[in-house]
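These notes are about the structure you will find just below.
The values are calculated or read from the model by the stated rules, or taken from the named source; none is laboratory data. Everything numeric in this text was worked out from a predicted model, so none of it was measured. All Cβ positions, even for glycine, are placed from backbone atoms using ideal geometry, and neighbour counts span all protein chains on display.
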C-alpha cells in the first residue's frame with residue numbers, strides 16, 4: 001500500500017490513545033526488535049473484532065511489549081480476563097509497566113511462560129485467541145487454540161505472510177518460514193473452521209471455529 005494511502009486510512013480512523021503512543025516510543029527506545037510492535041491500524045482492528053465477538057476471556061500468545069494486549073483489553077466484560085504469554089524478560093518488563101497504567105490492569109494477567117505449557121493448565125475457555133508468538137510453534141499454537149476455543153470463538157494469527165517468504169521454498173534451516181507454511185496449510189484444509197487471510201501489514205488470518 002502506498003504510504004499516503006496508509007496515512008489517509010489512519011487519519012480517518014479512531015486516534016491512537018496516548019498510552020499506546022507512549023508504549024510505541026518506549027518500545028523503539030528500549031526493545032531489541034521494535035519492528036515486532038503492532039501498529040495502531042492492526043491493533044484497532046483487533047480491538048474492533050474483539051468487541052464484536054464479546055469474549056468472556058481472551059488468550060494472547062506472544063506479549064512482546066504489551067501493545068496488542070492493551071488494544072484487546074477494552075473488549076473484556078467486567079469479570080473477563082486476558083491471559084498473555086511470553087518468555088522474554090526485557091519485553092515483559094516494558095509490558096508490565098504499561099499494562100499497570102491501563103484501566104483494565106486488574107484483568108490482564110501476564111505470564112512469563114510458554115503458552116503451550118501454561119494456557120491449558122488454566123482450565124479456561126477463550127472466546128478470542130490472538131497468536132503472535134514464536135513462528136516455529138504456530139502449528140502447535142493452532143492445535144492448542146482449537147482445544148481451548150468454544151464453537152463460535154475466534155482465533156487470529158499474525159505474520160502469516162512473513163514478508164512474502166511463504167511464497168518461496170525456504171532453505172532447510174529456515175524453520176520459521178516452514179512452520180508458517182505448515183500453519184497456513186493446516187488452516188486452509190481445516191473444514192471445521194471458517195477463515196479469511198488478509199494482507200494487513202504482515203498478513204492476518206481470522207479464523208472462526210464452527
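Structure data summary
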quantity	calculated
Condition broken by residue 113, with the remaining ones in (1) closer than 27 Å to residue 12 by Cα; (2) touching a residue at least 24 places away in the same chain (Cβ under 8 Å) satisfied	(1)
Residue ID - farthest from residue 128 (Cα to Cα), chosen from residues in the range 172-188 that are touching a helix residue (DSSP H, G or I) at 6+ places or on another chain (Cβ under 9 Å) and part of a loop (DSSP other than H, G, I, E, B)	172
All positions within the range 171-185 that are surrounded by 15 or more Cβ atoms within 10 Å (Cβ to Cβ) and farther than 12 Å from residue 136 by Cβ	184
Scope the range 48-60; condition in a helix (DSSP H, G or I) and either without any contact (Cβ under 8 Å) to a residue 24 or more places away in the chain or in contact with a helix residue (DSSP H, G or I) (Cβ under 7 Å, 6 or more places away or on another chain) (or both); matching residues	48, 50, 51, 52
Number of the exception - residue 19 against (1) assigned to a loop (DSSP other than H, G, I, E, B); (2) at pLDDT 95 or above; (3) farther than 30 Å from residue 195 by Cα	(1)
Residue match in the range 41-51 (condition: surrounded by fewer than 17 Cβ atoms within 10 Å (Cβ to Cβ), modelled with pLDDT under 95 and under 23 Å from residue 134 (Cα atoms))	yes
Residue check for residue 163: over 14 Å from the mean Cα position of the chain (by Cα), outside any strand (DSSP E or B), surrounded by fewer than 12 Cβ atoms within 10 Å (Cβ to Cβ) and at positive phi	yes
Selection count where residues are without any contact (Cβ under 8 Å) to a residue 40 or more places away in the chain and either assigned to a helix (DSSP H, G or I) or closer than 16 Å to residue 12 by Cα (or both), scope the range 37-47	4
Any hit, the range 29-36, residues being surrounded by 12 or more Cβ atoms within 10 Å (Cβ to Cβ), closer than 24 Å to residue 124 by Cβ and under 15 Å from the mean Cα position of the chain (by Cα)	no
Test: residue in the range 188-202 that is more than 22 Å from residue 69 (Cβ to Cβ) and at pLDDT below 95	yes
